[in-house]
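What follows is calculated from the coordinates using simple rules that are stated; it is not laboratory data. Note that this is a predicted model, so its numbers are computed, not measured. Methodologically, a virtual Cβ is constructed for each residue, glycine included, from the backbone with ideal geometry; neighbour enumeration extends over all protein chains shown.
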Number of protein chains: 4
Amino acid sequence: MIKGISTAGIGGFASLEDYIKKASQYGFGAVDTNNVGELRKFIGERGLEGALAFLQEHNVRIGSIGLPVEWRQDEARFRSDLTKLAADAEAAAQLGCTACCTYVLPSTDHDAVRFMAVATRRLRQVAQVLGVYGLRLGLEHVGPHHLRTAWKNPFIWDQDSFLDWFEAIGEKNVGFLYDAYHWYTSEANVEDIRRLKPEQIVHVHLNDAKPVPVADALDNDRLYPGEGVIDLAAFLRTLKEIGYKGVVAQEILTKEKPEGSQDDLLRRSADGFAKVYQAAGLE
Amino acid sequence: MIKGISTAGIGGFASLEDYIKKASQYGFGAVDTNNVGELRKFIGERGLEGALAFLQEHNVRIGSIGLPVEWRQDEARFRSDLTKLAADAEAAAQLGCTACCTYVLPSTDHDAVRFMAVATRRLRQVAQVLGVYGLRLGLEHVGPHHLRTAWKNPFIWDQDSFLDWFEAIGEKNVGFLYDAYHWYTSEANVEDIRRLKPEQIVHVHLNDAKPVPVADALDNDRLYPGEGVIDLAAFLRTLKEIGYKGVVAQEILTKEKPEGSQDDLLRRSADGFAKVYQAAGLE
Amino acid sequence: MIKGISTAGIGGFASLEDYIKKASQYGFGAVDTNNVGELRKFIGERGLEGALAFLQEHNVRIGSIGLPVEWRQDEARFRSDLTKLAADAEAAAQLGCTACCTYVLPSTDHDAVRFMAVATRRLRQVAQVLGVYGLRLGLEHVGPHHLRTAWKNPFIWDQDSFLDWFEAIGEKNVGFLYDAYHWYTSEANVEDIRRLKPEQIVHVHLNDAKPVPVADALDNDRLYPGEGVIDLAAFLRTLKEIGYKGVVAQEILTKEKPEGSQDDLLRRSADGFAKVYQAAGLE
Amino acid sequence: MIKGISTAGIGGFASLEDYIKKASQYGFGAVDTNNVGELRKFIGERGLEGALAFLQEHNVRIGSIGLPVEWRQDEARFRSDLTKLAADAEAAAQLGCTACCTYVLPSTDHDAVRFMAVATRRLRQVAQVLGVYGLRLGLEHVGPHHLRTAWKNPFIWDQDSFLDWFEAIGEKNVGFLYDAYHWYTSEANVEDIRRLKPEQIVHVHLNDAKPVPVADALDNDRLYPGEGVIDLAAFLRTLKEIGYKGVVAQEILTKEKPEGSQDDLLRRSADGFAKVYQAAGLE
């Protein structure tokens, strides 16, 4: 399983090159981005061959791109956003990226039942476009309890409902963005992971939780891996056990910008990964 | 549009032959059945050629069959029921039937959001099996207000939500069983019909409502066509206008068995159809 | 059925506005285009409201756009072309266009069996993108016999093979671009049309054939409607009979540019349409 | 990877129980069957609990069932066969079987291009029914050269064409029945295996080839594993390397019944498996 970073918990970089270099320097093998524009710039400046060589030289891959389509609002917006998806997917695919991810909030102001139907169709259409370019769509189930009532109507947040949803969507390139924080806050366990096939997991997020009652863990109050109460050793060990071989990327959402320089945060992250990978027997 | 009957409001018949003969005698061109066994018996006794000849001789077709699969309960039941669907569809198809219908209650004891995902997948699987045999799946949206709270959680009941759902199901052979009573109680109008393409309507039910406030119209308290307050002339005229050419079958659900002999009820139905067809300018 | 024109047999126009005006002046209700750029320019210059008003004022619609994706060559080209499809579909849809068409040659230099598999998947992906915007994909079967051996391996050209192919593609928004010339040269008849449902026809082409043996009719040697030997009255009458309500667009492919001014050619086309529509009892 | 047997090369058994017992006795962990009737009989006699306990006690699973649907002939036959598929799939699924396999001949008397379209649709429908019960459909590409001209028109036989076909079929539960003999006779290599994802392999067949030119290897002239010229060590090692964890079942097709008692043949098979598994470093 490839260690990866996002800018959440690390901060932004002046360029994709810097991002890749720093990831490499601290032992990470993947970077996530929500900004496909910077992938295109990267290809534009170096040529595709040059861009691929740069990635290979630093032993870093593009772990995932954020889904650049707003599928939660009105149809006109969805249609408009979708006009750009194929080009983004092509750029990501050219750089070897195979994952595109979006989160799913556990409540909604829409009529939740009808929204399930609409979202099923829209995410299928998204997955179909991504599939042309060999990308998979990772859906992130969001566990923190406070978000279940943050909007008018409850939607879904548990693994089994998502598995049912994947079948409703019906495209083979749809699976989980499986996030340790959401695994923990949705009160799942290693048996839940064991019930998954590796191809049902598109991408993994790693982060940790404060020692508060699980129902009180806030979405934007996360810790670096190994600094909190989630049994990340068990989480990682079980992912490995079922055959997951993809990227495990840190995503630390916090209310305040974390203290320290970017190098401090990268080191802290690298140390955290080392700790939990070792505890899991992975290195 | 072909006038049809079901046994609801008419009562059962000793045999499919009797059912067909009586339909023919009273000017109906289609009979609906929820009992595919009697189709199989009919074919078994007369041979397929003989059965088809009998239908042709009486100028009656099989309007629709009821879906013999319980898709609302647990997965084991669904899987078990589905083992019989293909054979039923084959029998119906051999007799020229192209419609298989099921109703969708407007509330449910399930978690309604997750149930939407599960039902989407199951009804897709049903439609896929029916499609092998050239049958379409008609979903009946159910309008009466009292049923929206009859079970724990509201589901969907309006035309637009169903249109969204059809897209989520994603099979081209899925559409409405469009029922005049539900059209009325879901407070739709002729403009709603005009927004439909004829191929989105698999089957039509005709019946009438008592002169009570629409919110008080009960599902099992229906009148024969032309005896109530629904503007069936507008309903039929608009269906014709958009190009619907299929069966319009009576389905009269009542608390008590209607008074009169079966011939009385057939005549009453035939008169009701004549009245509203004439009002619609269809004959 | 709405009379339409393409530039084939008429020649190009300085602008889409001119094209629309001339169509309107000669009694046509639709214009086809292979240049979505001009739709975008039209919207850009007038605004969407203004563009729609212009169309309405002239009682002209956009009949169809040509598929701007090369699906017959290598995968990289296909993927690259597909990046632009959604934006083109959105522009066409905004102007009310619902048809996007491509032709299918009856022979290929590819291994034809494997190409059938590849093309099935690619055209499904095309249809899925078009479907987001409410467009349908019309596939034109190409009848002239000489093209069956123009490339190394025979592909398919008859209606029934295309019907099988539509089922293989499996998207509900795929159907025929049904061309009178191909209907004639593939030696189909009115019974073949009768076997179609109107929703299986996305778009229709009208043109005529020289009085040569059908096997000798060349693809680029067509006549204006009513000038040749195809029974266009029967063709149109049967399309009407099965419920087709869409556009019937002229497409006259000729070796040499037809003689006469553009107005001459428009008048000749309008006269041809009038003749065959009258013969079909349509006006 | 679980060692399995079929009756090909071993001969039939008086009952499924005997088959399971003998498999277990000789160290095999899976039995394949083309006779779902015997699964049903097995469940009928022991009850589902008892049947599952019997399998577990002998550490044997049902490796795969043969597809009981003739998808290569006319539509009526296909439709008729498909009526029984769901019940067979349910029985197999109840016993824990997840694979259903069929072979694809490399030539056909049909128009091969159109047959590709028809077969794509039919195998999709088959996969959809199997998917209800959690079964996957394994398609066996058939390599022996003599079969490429055994019928009128060449179809497909190489891995890449099948990968294209899987995309055309478009169901996620479709993949290879990957057979060592066909791998060898289609002149594929370990790099071809490396290009596969484990989930693209539904089932594996193991057998060996005589030391004749590869173009002369006959389909029904196979050897037991380790007795011939196929590099089965590389074959198995690479399957393991890409993450395949399913069944590897022997299937020895021969012109004459192999010599020796059934126990002789089981021992010969077990020895052959041991030899090639050891050579592959798997035990």
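A few points about this structure:
- Label spacing, shortest first and in nm, from C:Asp160 to its equivalents in the remaining copies (7 angstrom along Cα→Cβ): 3.4, 4.6, 5.1
- Each Lys and Arg contributes +1 and each Asp and Glu -1, all at the Cβ; summed about the Cα centre of the protein assembly as shown, the dipole is approximately 0 debye.
- Sorted from shortest to longest, the distances between the D:Gly50 label points of this copy and the other copies are 4.2, 7.5, 8.4 nm, with each point 7 Å from Cα along the line through the beta carbon.
- The mean number of partner chain beta-carbon atoms within 10 angstrom of a residue's beta-carbon across peptide C:149-155 is 1.
- In chain A, taking the dipole from charged Cβ atoms about the Cα centre, the farthest positive-side position among A:Gly50, A:Leu232, A:Gln200 is held by A:Gly50.
- Simple spin-label estimate for A:Asn34 and C:Asp109 in nanometres, 7 Å along Cα-Cβ: 4.8
- Ratio Rg/Rh, restricted to chain C and using Cα atoms, in which Rh is the Kirkwood radius: 0.95
- If the convex hull is drawn through the Cα atoms of the protein assembly as shown, its volume per residue in Å³: 202
- Within 10 Å of each Cβ in C:161-171, the average number of Cβ atoms from other chains: 6
- In segment D:197-283, the trypsin sites (Lys or Arg not before Pro) that fall in loop regions by DSSP, at most 11 other Cβ within 10 Å: D:Lys245, D:Lys255
- Relative contact order %, segment B:2-279, counting alpha carbon pairs below 8 Å whose residues are six or more apart: 20
- Here segment D:92-135 has an Rg and Dmax of 13.3, 39 Å, counting Cα atoms alone.
- In this simple spin-label approximation, B:Thr254 and A:Ala274 carry label points 7 Å from Cα along the Cα→Cβ vector, and these lie 8.4 nm apart.
- Among residues of chain A, the one whose Cβ lies closest to the rotation axis carrying chain A onto chain B, together with that distance rounded to whole Å, is A:Met116, 2.
- Rounded to the nearest 20 debye, dipole of segment B:2-279 from Cβ charges on Lys, Arg, Asp, Glu: 460
- Diffusion constant of segment D:101-239 at 4 °C, which comes from Stokes-Einstein with the Kirkwood Cα-pair radius and 1.567 mPa s, µm²/s: 84
- The mean sequence separation of alpha-carbon pairs under 8 Å and at least six residues apart, normalised by the residue count of segment A:77-193, gives a relative contact order of 32 percent.
- Fewest-first sequence of A:Val212, C:Val247 by Cβ atoms within 10 Å of each Cβ: A:Val212, C:Val247
- Once the mean of 1/r is taken over each pair of separate Cα atoms and inverted, segment C:139-213 shows a Kirkwood hydrodynamic radius of 13.1 Å.
- Euclidean distance between Cα centres, segment D:108-140 to segment A:157-178, Å: 25
- The residue among C:Phe78, C:Pro106, C:Gly272 whose Cα reaches farthest toward the positive pole of the charge dipole of chain C, with charges on the beta-carbon of Lys, Arg, Asp and Glu, is C:Phe78.
- Cut-off under 5 Å, modelled amide H: who pairs with B:Tyr103 long-range: B:Glu140
- Column: log10 I(q)/I(0), Debye, Cα scatterers of segment D:55-98, q = 0.34 Å⁻¹: -1.13
- Label-point spacing at D:Asp109 relative to the other copies reads 3.5, 5.7, 6.7 nm, in ascending order, each point sitting 7 Å out from Cα along Cα→Cβ.
- Computed across segment B:179-283, the Kirkwood hydrodynamic radius from all distinct Cα-Cα pairs reaches 14.1 Å.
- Mean ellipticity per residue at 222 nm, deg cm²/dmol - from DSSP H runs of n ≥ 4 across chain A, formula -39500 (n - 2.57): -14000 deg cm²/dmol
- Exposure proxy order (Cβ contacts within 10 Å, fewest to most) of A:Trp151, C:Trp71: A:Trp151, C:Trp71
- Alpha-carbon centroids, segment B:254-283 and segment B:211-225: separation in whole Å: 16
- DSSP beta bridges in segment D:2-279 [antiparallel fraction, %, rounded to 5]: 10
- Sequence-ordered 3J(HN,Hα) estimates for segment B:58-70 from the Karplus curve with 6.51, -1.76 and 1.60 and θ = phi - 60° stand at 8, 6, 10, 10, 7, x, 6, 10, x, 5, x, 10, 7 Hz, glycine and proline given as x.
- For segment D:19-70, a/c is not less than 1.5, where a ≥ b ≥ c are the root eigenvalues of the C-alpha gyration tensor, and a/b does not top b/c. That puts it in the oblate class.
- For segment A:2-279, lysine pairs separated by 8 or more sequence positions, or belonging to different chains, with Cα-Cα distances below 15 Å total 9.
- Of the beta bridges in segment A:58-189, as assigned by DSSP with both residues counted there, near 15 percent are antiparallel.
- Once divided by 2.2 N^0.38 Å, the Cα radius of gyration of segment B:1-97 becomes 1.13.
- Cα point-scatterer Debye curve for segment A:183-233, base-10 log of I(q)/I(0) at q = 0.12, 0.24, 0.26, 0.28 Å⁻¹: -0.29, -1.00, -1.10, -1.18
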